[in-house]
1. Along the positive direction of the dipole of the chain (beta-carbon charges: Lys, Arg +1; Asp, Glu -1; about the Cα centre), which of Leu28, Ser65, Leu18 reaches farthest?
2. Would you work out the charge dipole size for the chain about its Cα centre, treating the Cβ of every Lys and Arg as +1 and the Cβ of every Asp and Glu as -1, and quote it to the nearest 20 debye?
3. Using helices alone, I'd like the mean residue ellipticity at 222 nm for the chain: each DSSP H run of four-plus residues gives -39500 (n - 2.57), total over residue count, nearest 500.
4. For the Cα atoms of the chain, what angle does the longest principal axis make with the long axis of helix 8-73, in degrees from 0 to 90, nearest 10?
5. Please enumerate, by chain and number, the lysines with C-alpha under 17 Å from the C-alpha of Lys27, excluding those fewer than 8 residues away in the same chain.
6. Once you place label points 7 Å from the Cα toward the Cβ at Leu35 and Lys52, how far apart are they in nm?
Amino acid sequence: MVPESMNDPDLTALSQKLSFLVATCLKLKEENRLLRAKEMAWQMERAQLMEKNDAARSKVEAMISRLRTLEHES
């Protein structure tokens, strides 16, 4: 039962507000889903870059070690 003080314009306004809230909620859910997907992609890229960085560091350290060995042999 609807109170008499809540007439048709009130119900219409309430309905519009509710529709807006539902639409906003759906939009935010989709935005959140997209952001989580982007975050996962960034995390994967970060892991790959860290692996490359470690490999490069190892190669540089090996080159320095070889140079030091050559220097001591001379």
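FYI, it's all coordinate maths here, none of it is from the lab. These numbers were taken from a predicted model, which means no experiment stands behind them. Ideal geometry is used to build each Cβ from the backbone, glycine not excepted, and the neighbour counts take in all protein chains shown.
1. Value: Ser65.
2. Details: 12 positive and 12 negative charges, 77 e Å.
The calculation lands at about 380 debye.
3. -34000 deg cm²/dmol
4. Orientation of helix 8-73: about 0 degrees from the principal axis.
5. List returned: Lys17, Lys38.
6. Modelled inter-label distance: 2.8 nm.
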